[in-house]
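Structure first, commentary second.
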Amino acid sequence: MALSLGALALFLIVAVAMPLYAVLAKSFQDAQGQFIWLQNYGAYFSNPALFQSISNSLWISALTTLITTTIAFLYAYALSRTCIRGKGIFRAIAAIPILAPSLLPAISLVYLFGNQGLLKDWLFGASIYGPIGIVVGEVFYTFPHAVMILLTALSLADARLYEAAQVLGASRIKTFFTVTLPGVRYGVVSAILVVFTLVITDFGIPKVIGGRFNVLATDVYKQVVGQQNMEMGAVVGMILLTPALIAFIADRYVQKRQMSSLSARAVPYEPKPNALTDGIYLAVVLIISFFLVGILGVSAYASFVKYWPYDLGLTLANYDFSAVDADGWRSYFNSIEMSLWTAVIGSTVVFTGAYLVEKGKGAGWLRSGVHMLAMVPLAVPGLVLGIAYIFFFNHPDNPLNFLVGTMGILVLSTIVHFYTVSHLTAVTALKQIDPEFESVSASLKVPFYRTFVRVTVPVCMPTILDIGLYLFVNCMTTVSAVVFLFSSNTRPAAVAVLAMDDAGSVAAAAAMAMMIVYTSGAVRLLHTLFANRLAQNMQAWRRR
């Protein structure tokens with residue numbers, strides 16, 4: 001077990017710590033690799049155009065966070081604290097953006113409000129290319145993440161507090177501000193931090209619809225890919241890492257201060273029907289759902305249109321990717337291959353690592369160190385991780401240099417990018433298993449790996465499948481890290497969407513984005529069917 005822990009620690013050091021050190025060191029070097037202290041940072045902050053990107057990123061992120069958190073709270077409140085019908089359908093609709101790459105809402109907004117958009121007159125002369133388009137696209141992209149957090153927070157409530165407020169004659173508004181809001185304040189803060197981090201580090205939406213409005217994420221891409229200025233790209237990457245790191249630390253602090261809202265004597269809260277309140281919240285949920293479905297529906301429809309907006313006849317020609325892109329369908333199948341490898345290898349490594357950390361005996365300092373390294377990727381934006389991998393793996397003295405340009409480095413970067421959430425999910429599941437399993441096995445002189453294979457894995461199989469699904473879907477939709485790491489033979493579908501949009505083939509880009517959505521949705525459906533079958537065969541012990 002100690003040897004396995006050491007191997008896991010070595011993997012995280014090589015895949016996480018050393019690449020991040022490489023990008024940090026690069027920001028203090030010149031083009032010849034000479035140490036020049038803070039000259040690169042001085043050059044960045046003395047350039048008004050580059051420095052303006054910081055202000056643009058901060059206020060765009062703040063505005064998007066305010067809008068997204070507000071509507072997500074209303075949506076989650078309607079699903080948890082009212083008696084509206086169709087809650088299952090509305091939950092499914094809220095998860096739609098997770099299945100799509102972040103470029104998809106930007107493409108839909110171009111079709112609706114762009115220079116040739118059907119609704120371009122609705123903006124009263126304003127342009128969708130810039131802050132307006134970025135904010136609307138980011139609201140679509142970050143909405144499900146905020147809803148999941150707030151729905152969890154609002155689902156836990158003690159009915160006795162509301163009964164006491166009613167007995168004391170408190171109005172509904174006063175009850176909301178004195179009981180409801182304090183009870184979910186940590187969930188609200190977590191949602192704010194998550195949305196802010198996602199927006200400030202997102203690359204796809206500003207790249208497609210940002211126009212000349214520069215943000216930090218697009219600056220990184222322009223410096224590294226456009227100008228080949230690796231040193232300045234490292235500087236922008238470190239600046240981009242700062243707000244994400246601050247949000248991560250703040251979130252950890254908030255979680256430590258959080259107190260349980262349900263005691264052993266708590267009474268679960270059950271909403272009571274109210275025609276007026278339920279009607280208002282149903283209208284709110286329908287409007288938000290129309291926005292989510294509409295954004296997806298525009299790209300789906302546009303992918304079949306012959307020539308928007310002049311010939312709205314339907315055709316399958318847009319799905320003939322070979323007509324607009326040299327790789328044709330190869331990018332799509334590259335994404336399928338990359339996602340499968342990521343799901344299989346990632347879920348195996350993550351769950352095994354979580355088992356070693358949670359159930360391991362001895363070497364407490366090593367297990368704590370591994371757990372700390374496993375938490376680091378959550379604070380690292382995908383763009384920064386991609387740059388870090390360029391600097392680290394491209395170095396000629398690195399024995400792992402052979403991974404550059406291969407499918408292996410794409411799989412590795414994606415696993416690391418989404419490692420923390422998967423690790424925390426596995427640890428949560430393992431904490432629910434009594435430690436006596438390992439103690440009894442040890443007393444019977446059964447090797448720990450046999451207990452792991454024959455007891456732990458079958459018990460936690462639903463969690464392992466959830467981790468695999470999470471890695472697969474995110475691998476299909478991600479673009480930030482892999483945009484720097486692909487080669488001509490390994491370009492994934494999300495990057496192909498970006499390339500097609502840059503080339504002006506917006507219909508084909510919409511078609512490829514929808515292929516990602518269709519695939520992610522189909523895999524999620526298969527996961528549900530397989531998980532139900534698994535619950536009947538391998539989880540029979542859960543039933544009395």
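Just so you know, all these numbers are worked out from the coordinates, no wet-lab data involved. Owing to the predicted nature of the structure, the values given are computational and were not obtained by experimental measurement. Positions of Cβ are backbone-derived with ideal geometry, glycine not excepted, and every protein chain shown enters the neighbour counts.
Between segment 297-348 and segment 475-531, the C-alpha centres lie 7 angstrom from each other.
Rg over Rh for segment 408-544 works out to 1.12, using Cα positions for both radii and the Kirkwood form for Rh. For segment 348-455, dividing the convex hull volume of the Cα atoms by the residue count gives 130 Å³ per residue. Here's the list of lysines a cross-link from Lys445 could span, going by alpha-carbon distance under 22 Å and ignoring same-chain residues fewer than 8 apart: Lys359, Lys361. Panel order for Glu436, Glu138, by other beta carbons found within 10 Å of each beta carbon, from fewest to most: Glu436, Glu138. Length available on full extension from Ala317 to Ile246: 0.36 nm per residue minus the Cα-Cα distance, which gives 20.9 nm. Helices of the chain meeting both criteria, an alpha-carbon length of 30 angstrom or more along the long axis and an average Kyte-Doolittle score not below 0.5, with helices taken as full DSSP H segments, are 48-81, 131-155, 230-257, 275-302, 330-359, 506-537.
Note on segment 104-214: Cα Rg divided by 2.2 N^0.38 Å, N the number of residues, gives 1.50. Per the Cα gyration tensor, the chain maps to an equivalent ellipsoid with semi-axes of 36, 33, 25 Å, ordered largest to smallest. With a simple spin-label model that places each label point 7 Å from the Cα along the Cα-to-Cβ direction, the separation between Ile280 and Leu119 comes to 2.5 nm. Between the alpha-carbon centres of segment 28-79 and segment 439-459 there is a gap of 48 Å. Place a point 7 Å from Cα of Thr406 in the direction of its Cβ. Which residues in segment 323-351 have their backbone N less than 18 Å from it? The answer is 334-335, 337-346.
With contacts taken as Cα pairs under 8 Å and at least 6 residues apart, the chain reaches a relative contact order of 23 percent. Averaging Cα coordinates gives a centre for segment 361-412 and one for segment 181-201; these two points are 27 Å apart. Note on Tyr253 and Ala363: the extension gain reaches 36.9 nm, defined as 0.36 nm multiplied by sequence separation minus the Cα-Cα distance. Helical runs assigned H by DSSP (4 residues or longer) give the chain a calculated mean residue ellipticity at 222 nm of -21000 deg cm²/dmol, each run adding -39500 (n - 2.57) before division by the residue total.
Length gained on full extension, Gln228 to Met18: 73.4 nm, using 0.36 nm per residue less the C-alpha separation.
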